[in-house]
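Data first, discussion second: the structure below is written as structure tokens.
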Amino acid sequence: MEKKLPAWKVVWAIIRFRPGFWILNFFSMMMLMLFLQVPGLVMRQFFDTVSGVASADFGLWTLMAFLVIGEMVRIAAIFGLIVTHVPFWVHTMTLLRRNLLKHILRRPGASALPDSPGEATSRFRGDVFEIPLFALWLNDLMGLILFSIIAIVIMVRINPLVTLVAIIPFIIVGLISNRASRKVEHYRRESRRHTGIVTGFIGELFGAAQAIKVASAEGDVISHFRSLNKERRLVAIKDVLFNEFLHSIFRNTSTIGTGVILILAGRSMRLGEFTVGDFALFVFYLDFIGELTAFMGLLVARYKQIGVSVERMQRLMEGASSDALIEPEPIFLREDVVEDPSQSQVEVTEFEQLTVSNLGYTFPGTSKGIKEINLTLSRGFFTVITGMNGSGKTTLLRVLLGLLPHSTGEIRWNGILVKNPGDFFVPPRAAYTSQIPRLFSDTLESNILMGRPAKDGEVLKALHLAVMDQDIANFEHGLATMVGPKGVKLSGGQIQRTAAARMFVRDPELLVFDDLSSALDVETERSLWERVFDNEDKTCLVVSHRKAALRQADHIIVLKDGKIYSQGTLDDLLGSCSEFQKIWYGKETRDSVTA
């Protein structure tokens, strides 16, 4: 991260993102506060007229007319607040969440998030929620300031001494609020941290349910969950209690001010310097001035909390620029304007050749990785990367695709340097299936399309290529079959073939498989490769040690200790490469009977 992003800059950025809604909200609030002066002034005139202190400048019906007009304007202003509040809130929260997700997805795919999934979830929910709310509350604050300035001017013109003494408690409370701001920040930070821990544990609990059951550890797990929840509850109570304590002080300040007025007003009323109407007006105004004090205290506390939220979100976006969180981006809140990113954002040129020169990567704190990798992939070729366990096969694929950042070397697509492989190697240029594919708890069709608009027959065609068509026929609900969390309702082979269909439906120029067929029987694997290569233009880069894949290969690359040990055709390597001979004769056992 380049530098810490100040909270004020985030608030200002989201105001500028949707200035129209915010400005209309501001004017609605100003109008509301201006016309909230009317009831106080009417009340003063009414009581002074009734008590005989003032002449009857306005009749009863005139005063009622003022109240009705003021109420109508107030209702119109409240309507303006409502119709601007919700769109501003939704648009700006969407922007922040979009930027968070955008930079999380731009992280090297093989690197973990800096914190648990539970903490990440809380940042998308609670932390994002705070910032647009604060921006809108600024309008409330400015409205209360406008009201209070007008009110104090009127009160000073009536009786400066009573006004001065009455607002002293508000000044004291403002000082208390300022001193308490550090405590507010500390309690909010701890509350959010413990909430993230509990949320993360819940996610891990569901993900490891089978392991817990096998180990008969249900009691211990629940006990640990209770202890985590107890810690979270205690911290949350401190956070809420401290905020409520401050809020109660702010709220009760107007009561103290009213008491001061009662003490001072008695003598002034006897001397004719203060009327019943003046007293009613002062009490009415002090309630709003008290609201201003309470609100200022609340906003000071919230501003500190926003600083914590921004810091947490930046941590989740580690590696992004300091302004990445607030970078303006188009957002789509209606389905009909959302375009398919795979078709609209990626410029595709027909693949001819991929060249990798001196590619290298070392895992932090270790000597393991890959180095001095040089290879060439040509259109229509089937290239297999093989090697013993730990030789660097998966690491090579991840570095090539930008899922891990390469430390040395360069990658060229049709002779053009690829500066950011993670952004470049996406459909429809390239598609990748990892060793352990990830499916979501949704329908089979949704897991294949992943938000992509469906076209006639393309899903069934992709399933045919993945040798999944017979399985679909046996599913009760066909493409609408729910696969369960992580595809738990499917077999290992069905999960791998569903992931393959996800690739095929995007019709990429380059197909990259990491040990795709490890859970497939020999016949299914053979059918899959045959169907893929019915199209001679298909280019594949495959990690495998299975004989069915090695027999199909146009070119085989043998890795050892992160380097290319040897390469060539199947016959060449069987005759000259001892490392490959170990793989062919010694490591492959599952399909040796049918070899």
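The values are calculated or read from the model by the stated rules, or taken from the named source; none is laboratory data. These figures come from a predicted structure and were not determined experimentally. Note that each Cβ is placed from the backbone with ideal geometry, even for glycine, and that neighbours are counted across all protein chains shown.
Name every residue in segment 530-572 that is among the polar types (S, T, N, Q) and in contact with a Leu (Cβ under 8 Å, 6 or more places away or on another chain), in order of residue number. If you could, list the steps in order and put the result at the bottom.
Of segment 530-572, the ones among the polar types (S, T, N, Q) are 535, 539, 544, 552, 566-567, 569.
Matches in segment 530-572: Thr539, Ser544, Ser566, Gln567.
Which ones in segment 346-359 are assigned to a loop (DSSP other than H, G, I, E, B) and at pLDDT 85 or above?
Within segment 346-359, the first condition is being assigned to a loop (DSSP other than H, G, I, E, B), and the residues that meet it are 346-352.
The answer is Phe351, Glu352.
Given the conditions (1) modelled with pLDDT under 90; (2) more than 42 Å from the chain's Cα centre (by Cα), report the number of the one that Asp537 does not fulfil.
(2) is the only condition that Asp537 fails.
Taking the residues in segment 1-15 that are modelled with pLDDT under 90 and surrounded by 20 or more Cβ atoms within 10 Å (Cβ to Cβ) as candidates, determine which candidate is nearest to Phe88 (Cα to Cα).
Ala7
Ala431: at pLDDT 90 or above, among the small types (Gly, Ala, Ser), within 22 Å of Gln494 (Cα to Cα) and under 28 Å from the mean Cα position of the chain (by Cα), yes or no?
Here the answer is yes, as Ala431 does meet what is asked.
If I ask for residues that are β-branched (Val, Ile, Thr) and in a strand (DSSP E or B), which ones from segment 360-388 would you list?
Answer for segment 360-388, where residues must be β-branched (Val, Ile, Thr) and in a strand (DSSP E or B): Thr362, Ile370, Ile373, Thr376, Thr383, Val384, Ile385, Thr386.
Quick one: is Phe79 within 22 Å of Met317 (Cα to Cα), hydrophobic (A, V, I, L, M, F, W, C) and without any contact (Cβ under 8 Å) to a residue 60 or more places away in the chain?
For Phe79, the condition - within 22 Å of Met317 (Cα to Cα), hydrophobic (A, V, I, L, M, F, W, C) and without any contact (Cβ under 8 Å) to a residue 60 or more places away in the chain - is not met.
Within segment 392-415, does at least one residue satisfy the condition of being surrounded by fewer than 21 Cβ atoms within 10 Å (Cβ to Cβ), in contact (Cβ under 8 Å) with a residue 12 or more places away in the chain and assigned to a helix (DSSP H, G or I)?
yes
So which residues in segment 416-429 are charged (D, E, K, R) and in a loop (DSSP other than H, G, I, E, B)?
Matches in segment 416-429: Lys419, Arg429.
I need the full set of residues from segment 430-455 which are of a type in the set (A, V, I, L, M) and either in a loop (DSSP other than H, G, I, E, B) or free of Cβ contacts under 8 Å to residues at least 40 places away in the same chain (or both), in order please. Reasoning before the result, please.
In the first step, residues of segment 430-455 are kept if they are of a type in the set (A, V, I, L, M); the result is 430-431, 436, 439, 444, 448-450, 454.
Listed by number, the residues that qualify are Ile436, Leu439, Met450, Ala454.
How about segment 502-518: which of its residues are more than 18 Å from Ile583 (Cβ to Cβ) and either outside the structural domain of Val356 (by TED's automatic domain parsing) or out of contact with any Lys or Arg (no Cβ under 9 Å at 6 or more places or on another chain) (or both)?
Narrowing segment 502-518 to residues more than 18 Å from Ile583 (Cβ to Cβ): 502-512.
Passing the criteria: Arg502, Met503, Asp507, Val512.
Looking only at segment 105-158, how many residues end up being aliphatic (A, V, I, L, M), modelled with pLDDT of 80 or more and within 17 Å of Gln314 (Cα to Cα)?
2
Does segment 470-478 contain at least one residue that is outside any loop (DSSP other than H, G, I, E, B) and among the β-branched types (Val, Ile, Thr)? Let's see the steps before the verdict.
First pass over segment 470-478, keeping only residues outside any loop (DSSP other than H, G, I, E, B): 470-474, 478.
Right, trim to among the β-branched types (Val, Ile, Thr) and you get 472.
Within segment 470-478, one or more residues are outside any loop (DSSP other than H, G, I, E, B) and among the β-branched types (Val, Ile, Thr).
Would you mind telling me which numbered condition in (1) at pLDDT 85 or above; (2) farther than 23 Å from Gly422 by Cβ; (3) not aliphatic (A, V, I, L, M) Glu509 fails?
(2)
Go through the residues of segment 456-473 one by one and say whether even a single one is without any contact (Cβ under 8 Å) to a residue 24 or more places away in the chain, in the same structural domain as Asp442 (by TED's automatic domain parsing) and at positive phi.
Yes, segment 456-473 has at least one match.
Output the residues belonging to segment 373-394 that are modelled with pLDDT of 90 or more and under 12 Å from Lys560 (Cα atoms).
Ile373, Ile385, Thr386, Gly387, Met388, Ser391, Gly392, Lys393
Determine which member of the set Ala480, Ala499, Ala466 is crowded, with 19+ Cβ neighbours inside 10 Å, of a type in the set (Gly, Ala, Ser) and touching a strand residue (DSSP E or B) at 6+ places or on another chain (Cβ under 6 Å).
Of the residues listed, the single one that is crowded, with 19+ Cβ neighbours inside 10 Å, of a type in the set (Gly, Ala, Ser) and touching a strand residue (DSSP E or B) at 6+ places or on another chain (Cβ under 6 Å) is Ala499.
What do you reckon, is Gly493 without any contact (Cβ under 8 Å) to a residue 60 or more places away in the chain and surrounded by 16 or more Cβ atoms within 10 Å (Cβ to Cβ)?
Yes; evaluated as a whole, the condition is true for this residue.
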